[in-house]
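Chemist: One structure coming up, written as structure tokens, with questions to follow.
The values are calculated or read from the model by the stated rules, or taken from the named source; none is laboratory data. If you're wondering where the values come from, they're calculated on a predicted model, not measured in any experiment. All Cβ positions, glycine included, derive from the backbone under ideal geometry; neighbour counts span all protein chains shown. What goes into the accessible areas is simple: the full protein's heavy atoms, side chains included, and nothing from ligands, DNA or RNA. Shrake-Rupley method; radii C 1.70, N 1.55, O 1.52, S 1.80 Å.
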Amino acid sequence: MMAGELALAALATLLASLLALVFSHFLPLLLNPKAPRGSFGWPLIGETLRFLTPHASNTLGGFLEDHCSRYGRVFKSHLFCTPTVVSCDQELNHFILQNEERLFQCSYPRPIHGILGKSSMLVVLGEDHKRLRNLALALVTSTKLKPSYLGDIEKIALHVVGAWRNRQAEGKVKPRSGAVARVFCPWEAQFAFSVIVKQVLGLSPEEPVTARILEDFLAFMKGLISFPLYIPGTAYAKAVQARERISNTVKGIIEERRSPGSCKKGDFLDVLLSSNELSDEEKVNFVLDSLLGGYETTSLLISMVVYFIGQSAEDMDLVKREHDSIRSNKGKEECLTSEDYKKMEYTQHVINEALRCGNIVKFVHRKALKDVRYKEYLIPSGWKVLPVFSAVHLNPSLHGNAQHFQPCRWEGSNQGTSKRFTPFGGGTRLCPGSELAKVEAAFFLHHLVLNYRWRIDGDDIPMAYPYVEFQKGLPIEIEPICPGS
């Protein structure tokens, strides 16, 4: 009898919990009847799994296409365990980004905090974010003004591109064309990481500590897009452990810099150590943020450029012609300058179009700080808000033939961020290093197109998980250009 009563009590508790879960899931719908149209999906998980279903990054994906056709370009959903308003509208996206800390606030899921750290510029709010961002902008500005910065980029680009020619025999030769089959992504990763680790920590690619940081950093990156379950062996757990190892490595470098007789290297770290505004923990986090931003943005951008022009012989020829012209006015060993960068007009068109089509940043996380009325929409206080940049970039009413890669669409237009082009976000959280990423991509492309031709080998495409990556590492067929051809 006692066992039966316990079973009934357990069943009643379970049913009550389920009813409470269902009620709490749908309660926001009852309390906010004027929120945009949409659906909440299943209790607890809502529509998150459908929203995160991998899809080609130059498409909206099934979830957004379905919901936009049914509910319009602004709709409600239940994502990341929270009632959410999803915006695929350029005007509302702009409104959200321009009202940071007034009407909306950055609100990334808690597991992201566990990997990035509580002092990361990506997750801190208010005055803390303003302080870190101002420091980041100052560092970026000082970097652009340093003559050694462009020289470092070019040296690393020459090192990576030159290594291909030296290791050409290691690739698989295609019998008809004579081209060599290679997986491209590891090479751009090496370039992007070598550049940022040089600027931030003053480390050269050849130093053993650089390879160690890169190995941990790649594990750290995988964890950012993994299921947030801290069980030994999972990608999330490995990422948290990798972050701890990188932090310890950075702390060791900091201690070494502070030791008597240590020489200044003129890098980010020297500037950080001279600042009294940040605690040591914030300085370590700042280094990690700089590595993450500098690596992720540049490496993906270069891969996107190589992917898109690798499918267009015409665009590749136009880019090569531009860089041939720049090189023809320079001595054989003469380095590129900021004036040369300004002459790379078609290259800038290619970079912008790769950003528009590839959508490195698909959306960002925000939260409404109060009830917000915008046109006919009500965004309830406390709800998550997701401005989806890719939906604006791929909107055919804003970009003709939006699904097609057409660099010429940027001729005569503003090359910067606008309402219809936000590849690096916007407002007070616009990526501080976005222009550096473009410079680094352009310099790398300069040496790549002058030394090689390539085409895409197979059907690998950029996939949004939502973090964008090439699942197979972007296989290409690449062949060296003979001098004088």
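Chemist: Can you name the number of the only condition in (1) within 30 Å of Ser107 (Cα to Cα); (2) touching a helix residue (DSSP H, G or I) at 6+ places or on another chain (Cβ under 7 Å) that Tyr346 fails?
Modeler: (1)
Each row is one residue, and each column tells you yes or no for (1) surrounded by 17 or more Cβ atoms within 10 Å (Cβ to Cβ); (2) closer than 24 Å to His129 by Cα; (3) without any contact (Cβ under 8 Å) to a residue 12 or more places away in the chain.
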position	(1), (2), (3)
Gln403	no, no, no
Arg409	yes, no, no
Leu430	no, yes, no
Gly433	yes, yes, no
Phe443	yes, no, no
Tyr452	yes, no, no
Asp457	yes, no, no
Ala464	yes, no, no
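Chemist: Still on this model: Considering only residues that are modelled with pLDDT of 95 or more and part of a strand (DSSP E or B), look in segment 354-371 and name the one that is most open to solvent (accessible area, probe 1.4 Å).
Modeler: Among those that are modelled with pLDDT of 95 or more and part of a strand (DSSP E or B), it is Lys367.
Chemist: Shifting gears a bit: Which of the residues belonging to segment 284-343 are part of a helix (DSSP H, G or I) and among the acidic types (Asp, Glu)?
Modeler: Matches in segment 284-343: Asp289, Glu296, Glu314, Asp315, Asp317, Glu322, Asp324, Glu339, Asp340.
Chemist: Here's a follow-up. Go through (1) open to solvent by 60 Å² or more (accessible area, probe 1.4 Å); (2) part of a helix (DSSP H, G or I); (3) in contact (Cβ under 8 Å) with a residue 60 or more places away in the chain for Glu244 and report which single condition fails.
Modeler: (3)
Residue-by-condition table, conditions (1) surrounded by 20 or more Cβ atoms within 10 Å (Cβ to Cβ); (2) within 29 Å of Gly38 (Cα to Cα):
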site: Thr82; (1), (2): no, yes
site: Asp89; (1), (2): yes, yes
site: Asn93; (1), (2): yes, yes
site: Gln105; (1), (2): no, yes
site: Tyr108; (1), (2): no, yes
site: Lys118; (1), (2): no, no
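Chemist: When the residues of segment 120-142 are narrowed to those that are among the hydroxyl-bearing types (Ser, Thr, Tyr) and under 22 Å from the mean Cα position of the chain (by Cα), which ends up surrounded by the most Cβ atoms within 10 Å (Cβ to Cβ)?
Modeler: Ser120
Chemist: Another question, then. So, His94, is that one at pLDDT 95 or above, in a helix (DSSP H, G or I) and not polar (S, T, N, Q) or not?
Modeler: When the stated conditions are applied, His94 passes them.
Chemist: Now a separate question. Note down all Cβ pairs under 8 Å where the first residue falls in segment 143-159 and is open to solvent by less than 20 Å² (accessible area, probe 1.4 Å), the second is small (Gly, Ala, Ser) and modelled with pLDDT of 80 or more, and they're at least six residues apart or on different chains.
Modeler: Short answer, once both residue conditions are applied: Ile156/Ser194.
Chemist: On to the next question. On the given criteria, is Glu256 open to solvent by 80 Å² or more (accessible area, probe 1.4 Å), of a type in the set (Asp, Glu), assigned to a helix (DSSP H, G or I) and over 27 Å from Thr141 (Cα atoms)?
Modeler: Criteria not met by Glu256.
Chemist: Show the residue pairs meeting these rules: Cβ distance below 6 Å; 6+ apart or different chains; first residue within segment 253-269 and without any contact (Cβ under 8 Å) to a residue 60 or more places away in the chain; second residue outside any loop (DSSP other than H, G, I, E, B) and acidic (Asp, Glu).
Modeler: Lys264/Asp270
Chemist: Would you confirm whether or not segment 384-397 contains a residue that is open to solvent by 40 Å² or more (accessible area, probe 1.4 Å), assigned to a loop (DSSP other than H, G, I, E, B) and farther than 23 Å from Leu445 by Cβ?
Modeler: yes
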